[in-house]
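Working notes for the structure below.
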Amino acid sequence: MAEFKHKHIIALRDLSKEDIELLISTAENMREINSRDIKKVPTLRGKTIINLFYEASTRTRTSFEIAGKRLSADTVNITTSSSSTTKGETLSDTALNLLAMKPDIIVMRHSVSGSHYFLADKINCSIINAGDGAHEHPSQGLLDMLTMKDKFGRLDGLKVAIIGDITHSRVARSNIQGLTKMGSHVFVSGPPTMVPPGVEKLGNVTVCATMNEALQDADVVMMLRIQQERQGKTLMPNAREYSRYFGLNPNNIKLAKPNAMVMHPGPINRGVEMSTSMVDGDQSWILKQVENGVAVRMSMLYHVCGGELE
Amino acid sequence: MNLLIKNGRVIDPSQKLDDTLDVVVENGLVKEIGKGLKAPAGAETIDATGKYVVPGLIDMHVHLRDPGLEYKEDIISGTKAAVAGGFTSVCCMPNTKPTIDNKAIASYIINKAKAEGSCNVFPVGSITYGLSGERMSEMGELKESGCVAVSDDGRPVKNSELMMRSLQYAAGIGIMVISHAEELELVGEGTMNEGYTSTELGLKGIPRVAEDIATARETMLAEYTGTPIHIAHVSTKDSVRIIREAKARGVKVTCETAPHYFTLTDDAVRGYNTNAKMNPPLREAADVAAIKAGLTDGTIDAIATDHAPHHEDEKDVEFNVAMNGIIGLETSLPLSLQLVENGVLTLNQLVDKMSCNPSNILGLQRGTLAAGAVADITLIDPTCEWVVEADKLASKSKNSPWLGQNMKGAAAATIVNGKVVYQR
């Protein structure tokens, strides 16, 4: 079996194709554990994992916690809204204090892009990025790719449309980094106010002026959450108009390949970026994404610990 | 103390001098320049063979953080950094605590610099009280108390009417207005230049046009009112173009850029390097090229550092949280000498931009080695190679993007009012 040489997983940009293949194939094996009656293996027994969340999260935090527990690690969750932008302890001090309690892995979500690199310079346990600002969300990128592989049996040569607010999306960046390495082609579309400059240079990316263009013959349609707080500000008029031009519905999905899969990282604004019939319809893989999230995170935890499966 | 500076290459654009000459300094003034001069009685002789001897360098844009923010820098450490970098005069910006918006603070700075500083310090007062952007400071009194310009540096005067009236009022008093040209709404929460690098790093970008719109407004206000204006820290290609065009129309606009804007691009931010975070932000290669072209053709009048010391605790944090700005006094000269090495500027032009022009723009009556002038003189060793090391910097703060890097060229000696205040 190939060896995973990284101590941290901060960005898919930092990983090779082989690293990604390894993380995904291990996740496929981990799924077997998740289907057992007794969903627990002793692999990470005695390891301590701290889930340090500076931003609200239900799915990702729970998923990491369950992943750690299924591998028999001791997991502790810390959710805090205070970061060093508000008055309080600095990120660096918090991390050093946690480190004094000898964790093996810190899983962190933080609103500032790059804060995991900042931390990695200061502490000697492994760091897994559970989302940093608008930079990356590697576990989401990996679980998305695992889900695509479930459907198509491969990750090369796929046409993946990512629709929505690309500028502020760490999910989009991780998918672009990962899918490009695996040999797929990403088509992005959103209001021009939400497409960042130079995004086509991030990988095998084509920027489409309209959503229909991006949907054309797509194998995968990934819809991004539109942040409610952006409505009525400078990036778009309102949810109604957004949904009209960048919402997925039973009509425009017909532009994609007939067997195209529909994905969303959650949480969904029903009726805004996707109609309810698309969320719950036959082509939706959204809950499979969530299910795969646990396996992918088990794989990530396992590999940064560098152990062998028992 | 009297001095004889022998055999240096004397470069003084104010007298169109560039020759191997001797300089005699007596009672704090330049007495004579010529060949084979004799040392006056009791004079110290400095052998300047292989060195450039130039009018003392002037940094028209620094933050000394004194009063109020002395944990970052103070007048003593800041002027030590200045003379180590070859500067004989610095102009310090008013965003101190309290603001330089009254005579007491201006006098405090001038007196402390005279008593304990190593070089001349010329304070810049604020355009508006407390940098509030709401009402004019007492510019007349600020000028009388020794301020050489007014600026709300760090933020723009957002209200266009107030800016226009300030230009008119300042012109009446005879004090220069220095503009921090920035359209705040376009900057928003941005932390670096908007471009490919910000997209890759997932950092919110600051578009160039945020600076360009403000630069255009300032030149138009100056044109409409017929008053002079100086634009600080120009960083974009279009701001250079706007200023070039305004100058061609006869607008009384001058401007400065900083060494980081002609040396670095936003690539330096990679790795979320907080020592590459400043405002305006580092731009892209096309901007660097335009800044150099602007220096060459005279659109950009001055090189100033925007020396912005920050404590380690303010930089050793997540990127978004880190303070804007870098120190620059001790690296400006070698970085600017690179412009000569690369053919962007002649030595004469360099001395213009680092001494004569800043003096002329602000009326400092320096920037010359003419007989009778104040003996502010910098001796430059163009070949000296050294490494930027945190513990060797005179500045209290160490927030430099060049830490650990090699530099070529340094101040060999810095002479202020006829006194040798620094020797390498």
Worksheet entry | The lone exception for residue B:407 - which of (1) in contact with a Phe, Trp or Tyr (Cβ under 9 Å, 6 or more places away or on another chain); (2) buried (at least 23 other Cβ atoms within 10 Å of the Cβ); (3) outside the structural domain of residue B:148 (by TED's automatic domain parsing) it fails | (2)
Fill in: Output for segment A:26-48, where each listed residue is assigned to a helix (DSSP H, G or I) and surrounded by 15 or more Cβ atoms within 10 Å (Cβ to Cβ)
A:26, A:27, A:28, A:30, A:31, A:33, A:34
Worksheet, complete the sentence: Only one of (1) touching a Lys or Arg at 6+ places or on another chain (Cβ under 9 Å); (2) not in a helix (DSSP H, G or I) does not apply to residue A:143, and that is (2)
Worksheet entry | In segment B:132-152, residue surrounded by the fewest Cβ atoms within 10 Å (Cβ to Cβ) [restricted to those that are of a type in the set (Asp, Glu) and either more than 16 Å from residue B:110 (Cβ to Cβ) or outside the structural domain of residue B:89 (by TED's automatic domain parsing) (or both)] | B:134
Fill in: Residue that is under 18 Å from residue B:422 (Cβ atoms) and in contact with a strand residue (DSSP E or B) (Cβ under 6 Å, 6 or more places away or on another chain), where the choices are B:32, B:44
B:44
Worksheet, complete the sentence: When residue B:303 is run through (1) surrounded by fewer than 24 Cβ atoms within 10 Å (Cβ to Cβ); (2) in contact (Cβ under 8 Å) with a residue 40 or more places away in the chain; (3) among the β-branched types (Val, Ile, Thr), the failure sits at (1)
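Taking segment A:250-264 as the region of interest, how many residues are of a type in the set (A, V, I, L, M) and either over 13 Å from residue A:152 (Cβ atoms) or at pLDDT below 95 (or both)?
Looking only at segment A:250-264, we keep the residues that are of a type in the set (A, V, I, L, M), and these are A:253, A:255-256, A:260-263.
Restricting the remaining residues to those that are either over 13 Å from residue A:152 (Cβ atoms) or at pLDDT below 95 (or both) gives A:253, A:255-256, A:262.
Count: 4.
Which of the residues belonging to segment A:187-223 are away from chain B (no Cβ under 14 Å) and either in a loop (DSSP other than H, G, I, E, B) or of a type in the set (Val, Ile, Thr) (or both)? Give the derivation first.
Of all residues in segment A:187-223, those away from chain B (no Cβ under 14 Å) come to A:187, A:189, A:191, A:204, A:206, A:208-223.
Of everything in segment A:187-223, those that are away from chain B (no Cβ under 14 Å) and either in a loop (DSSP other than H, G, I, E, B) or of a type in the set (Val, Ile, Thr) (or both) turn out to be A:191, A:204, A:206, A:208, A:209, A:210, A:216, A:217, A:218, A:219, A:220, A:221.
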Practice prompt. Run residue A:129 past the list (1) assigned by TED's automatic domain parsing to the domain that holds residue A:90; (2) touching a Leu at 6+ places or on another chain (Cβ under 8 Å) and report the number of the one that doesn't hold.
Written response: (2)
Worksheet entry | Condition met for residue A:301 (over 18 Å from the mean Cα position of the chain (by Cα) and surrounded by 17 or more Cβ atoms within 10 Å (Cβ to Cβ)) | no
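Can you list the strands (runs of 3 or more DSSP E) lying wholly within segment B:38-152 that have 1 or more residues being closer than 27 Å to residue B:412 by Cα and in contact with a helix residue (DSSP H, G or I) (Cβ under 9 Å, 6 or more places away or on another chain)? Steps first, answer last, please.
Working: elements: B:44-47, B:52-55, B:57-62, B:87-92, B:120-125, B:149-151.
By residue number, B:52-55, B:57-62, B:87-92, B:120-125.
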Fill in: Residues located in segment B:288-322, provided they are away from every other protein chain (no Cβ under 14 Å) and over 22 Å from residue B:62 (Cβ atoms)
B:288, B:289, B:290, B:292, B:293, B:296, B:297, B:298, B:299
Practice prompt. Could you list all residues from segment A:22-39 that are more than 17 Å from residue A:305 (Cβ to Cβ) and in contact (Cβ under 8 Å) with a residue 12 or more places away in the chain?
Written response: A:24, A:28, A:31, A:34, A:39
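Listed residues A:176, A:166; which is buried (at least 24 other Cβ atoms within 10 Å of the Cβ), more than 20 Å from residue A:16 (Cβ to Cβ) and not hydroxyl-bearing (Ser, Thr, Tyr)? Walk me through it before giving the result.
Working: A:176 fails: more than 20 Å from residue A:16 (Cβ to Cβ).
Exactly one of A:176, A:166 is buried (at least 24 other Cβ atoms within 10 Å of the Cβ), more than 20 Å from residue A:16 (Cβ to Cβ) and not hydroxyl-bearing (Ser, Thr, Tyr), namely A:166.
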Discussion item. Cβ contacts < 8 Å: first residue within 14 Å of chain A (Cβ to nearest Cβ) and under 16 Å from residue B:328 (Cα atoms), restricted to segment B:262-275; second residue small (Gly, Ala, Ser) and assigned to a loop (DSSP other than H, G, I, E, B), any location; separation 6+ or different chain. Result?
Written reply: B:274/B:322; B:275/B:400
Worksheet entry | Failed condition for residue A:186, given (1) among the hydrophobic types (A, V, I, L, M, F, W, C); (2) touching a helix residue (DSSP H, G or I) at 6+ places or on another chain (Cβ under 7 Å); (3) farther than 19 Å from residue A:13 by Cβ | (3)
Discussion item. If I filter segment A:94-128 down to residues being touching an Asp or Glu at 6+ places or on another chain (Cβ under 6 Å) and not in a loop (DSSP other than H, G, I, E, B), which single residue comes out as farthest from the other protein chains (Cβ to nearest Cβ)?
Written reply: A:109
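The values are calculated or read from the model by the stated rules, or taken from the named source; none is laboratory data. From a predicted model like this one, the values you see are computed outputs, not experimental measurements. In this analysis, Cβ positions are derived from the backbone assuming ideal geometry, glycine residues included, and neighbour counts consider all displayed protein chains.
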